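Structure first, commentary second.
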């Protein structure tokens, strides 16, 4: 079986006022389907840059990035948009639901961009999966933080992506709600969804089956851990 | 993304900022409203001018004494236009059906203690049909051949003159004084309506024989009116009249005419051109306000794009291509201009109907604004075009945003 993700010798160099900064400096790793991986690192470690490249929002300066078997590191803008739509489900720290649209309409958005039919039915199924079928008609400002994040996860899942990429998914939630979201991630993990969680929260990281630690643009640790269910 | 979904999102965002959207639309509303109303008024004015000219007598040729100099200005005043010229034309030009001579001058006309200054026209019995200026039914009669040949002191007066001198009294059979000479009123002409540059209803028409011998003391004519037969070639008639006139006046080949023949059709054509020009002028002023409206749309769309930078980032992360965002924001701009266009068209139509209603109750307004479909369609198309034109730049800006920067935007 092929890797879900395989990156080889990934570098990203920014030019900042005449100085060049190596945000990523030869990063190599791969993630298998069904893994639940935490990418950890302090600010400035390059984890945001790595997340942007894995999320196909950015391109590496050099190196290869294979997503679901295809080398996407040199894809054009439109092809990357298609990859984001089909292969990646984003979950953001601040939910990023579109205002003035119901939960259901928010979950429909990726399907509208992929152009496949039956948006309402698929979106409803995704909401059911995160336990929010009864809130389908509510707008984001009528939902609690935890509910909003669930809608966002439903939106990320609706196109059956190769990976679900979560950026500090519990960062804006209180401890209890954060745990509920992590519980949902564990359920998805049990359903063999590939999860990549970018975080600096050690409690979150400890719940993942594997931790990749970054510092100064390099991987300093990559370990399998015995996941602790809270 | 399905067009309908995009439109729904666009209208939702317009509705979410009702006041702002309405103010933005106002430019387009006023612009489209003004274009529709101005074109309606312009067309109405043009039509009424043409109708007035036609009302002066269709198929009418006017022979005037004096040649036409530079720019149509009569350079000399000749006094050799004679009644015999008219007779010769009538005899030799088969296209001419009727001829009516005219001697005219302005006089003080009195009835009892009332007096008014009026153009007195001396002519023959053919004047009434040729000038399309018949006597109103039940208000007397025109003068007869016998009255003309006997230099009778009879007068047919215009309805305005009748009101000025007699108010509500019946003028038929009353005696008026023209320059101190008594004339009996025998008829009143039909109302033709004020034409702006002159009023055909403020007139006294008397036999030309009486006018020449007793009132004006002259034996030459001011004008000769010729009615061309229905279906005859106007241009050919003019040429033949020219030939006869030159021979009558013994003008050597190569010498200029000492008369001029004018064709009402020509006047109608040039007036129509003036009317079209007027419509174009009014409309172009209105179009400027459409452009101003478009700039308003562009401005508000730039604000919208900035406000929704984050949304743009999220949509890109969810798989929106640049062209999806381009079409979304473009359609939003078009939705604003289209709604504005619809409201503006309603405003324009309302203005036209309101004006016509006002004109009906106000007899001094003799024309009606014309309600046509095509200015509305045109204004609509232009409104949509303006939405696309002025929405393009902001939409492109939205489409080209970098998703990482857009997602990070606070």
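Could you work out how far the C-alpha centroid of the range A:132-176 sits from that of the range B:9-60, in angstrom? First find each Cα centre; the distance between them is then 51 Å. As a length-normalised measure over Cα pairs under 8 Å and 6 or more apart, the relative contact order of chain B settles at 29 percent. Helix B:322-360 and the longest principal axis of the C-alpha atoms of chain B enclose an angle of approximately 30°. Put in order of Cβ neighbour count within 10 Å, fewest first, the listed residues A:155, B:141 become B:141, A:155. Legend: translational diffusion of chain B by Stokes-Einstein, Rh = Kirkwood radius over C-alpha pairs, 10 °C, 1.306 mPa s; D = 60 µm²/s.
Across peptide A:76-88, the average count of Cβ atoms from other chains found within 10 Å of a residue's Cβ is 4. Give me Rg over Rh for the range A:26-123, both radii from the alpha carbons and Rh done the Kirkwood way, two decimal places. Checking Rg against Rh, the ratio lands at 0.99.
Rg then Dmax, both in Å and based on the Cα atoms of the protein assembly as shown: 44.0, 134.
With N as its number of residues, the range A:9-76 has a Cα radius of gyration that, divided by 2.2 N^0.38 Å, comes to 1.15.
Pick from A:202, A:177, A:194: which residue has the top mean-square fluctuation in a GNM of chain A where Cα pairs under 10 Å get a spring? Of A:202, A:177, A:194, the most mobile in the Gaussian network model is A:202. Remark: relative contact order (the range B:79-257) = 32 percent; criterion is Cα-Cα distance under 8 angstrom and separation of 6 or more residues.
Normalised Debye scattering of the range B:111-188 at q = 0.14, 0.21 Å⁻¹ gives log10 I(q)/I(0) of -0.43, -1.00, counting only Cα atoms as equal scatterers and leaving out solvent.
Report the calculated FRET efficiency for residue A:121 and residue B:358 (r = Cβ-Cβ distance, R0 = 45 Å), to the nearest 0.05.
Working: r = 59 Å, r/R0 = 1.30.
So the FRET efficiency works out to roughly 0.15.
Shielding of peptide B:9-20 by partners, expressed as the average count of other chain Cβ atoms within 10 Å per residue Cβ, is 1. Partner shielding of B:307-317 amounts to 5, given as the average count of beta-carbon atoms from other chains within 10 Å of each residue beta-carbon.
Against the empirical 2.2 N^0.38 Å scaling, what ratio does the C-alpha Rg of the range B:244-375 come to?
2.02
For the peptides B:373-379, B:42-48, residues were scored by their other Cβ atoms within 10 Å and the scores averaged per peptide; the highest-first order is B:42-48, B:373-379. Mind pulling the angle between the C-alpha long axis of helix B:373-399 and the longest principal axis of chain B? Nearest 10 degrees, somewhere in 0 to 90. So the helix axis and the longest Cα principal axis differ by about 30 degrees.
Extents of the range A:120-230, largest first, come to 46, 28, 27 Å (Cα atoms, principal axes, whole angstrom). The angle between the Cα long axis of helix B:234-248 and the main principal axis of chain B comes to about 30°, on a 0 to 90 degree scale.
Across the range B:96-136, Cα pairs under 8 Å and at least six residues apart give a relative contact order of 41 percent.
Based on DSSP, what percent of beta bridges with both residues in the protein assembly as shown are antiparallel, to the nearest 5? Here the share of antiparallel DSSP bridges comes out near 70 percent. Across chain A, the volume of the C-alpha convex hull divided among the residues equals 132 Å³ per residue.
Over the Cα atoms of the range B:79-257, the radius of gyration divided by the Kirkwood radius equals 1.01; this is the Rg/Rh ratio.
Using just its DSSP H runs of length 4 or more, each adding -39500 (n - 2.57), the protein assembly as shown gives a mean residue ellipticity at 222 nm of -15000 deg cm²/dmol after division by all residues.
When chain B is treated as a Gaussian network with alpha carbon springs shorter than 10 Å, the biggest mean-square fluctuation among B:94, B:207, B:142 belongs to B:94. Within the range B:79-257, DSSP assigns beta bridges of which about 75% are antiparallel (rounded to the nearest 5). Taking other C-beta atoms within 10 Å as the exposure proxy, B:205, B:388, B:157 rank B:388, B:205, B:157 from fewest upward.
When B:355, B:329 are sorted by how many other C-beta atoms sit within 10 angstrom of their C-beta, beginning with the fewest, the order is B:355, B:329. Result for chain A in a Gaussian network model with C-alpha springs under 10 Å: among A:38, A:133, A:15, the largest mean-square fluctuation is at A:15.
We did not get these values from a lab; they are worked out from the coordinates using the rules stated. Values in this document were obtained by computation on a predicted structure and should not be read as measured data. For neighbour counting, all protein chains shown are included, and Cβ atoms are generated from backbone atoms with ideal geometry for every residue, glycine included.
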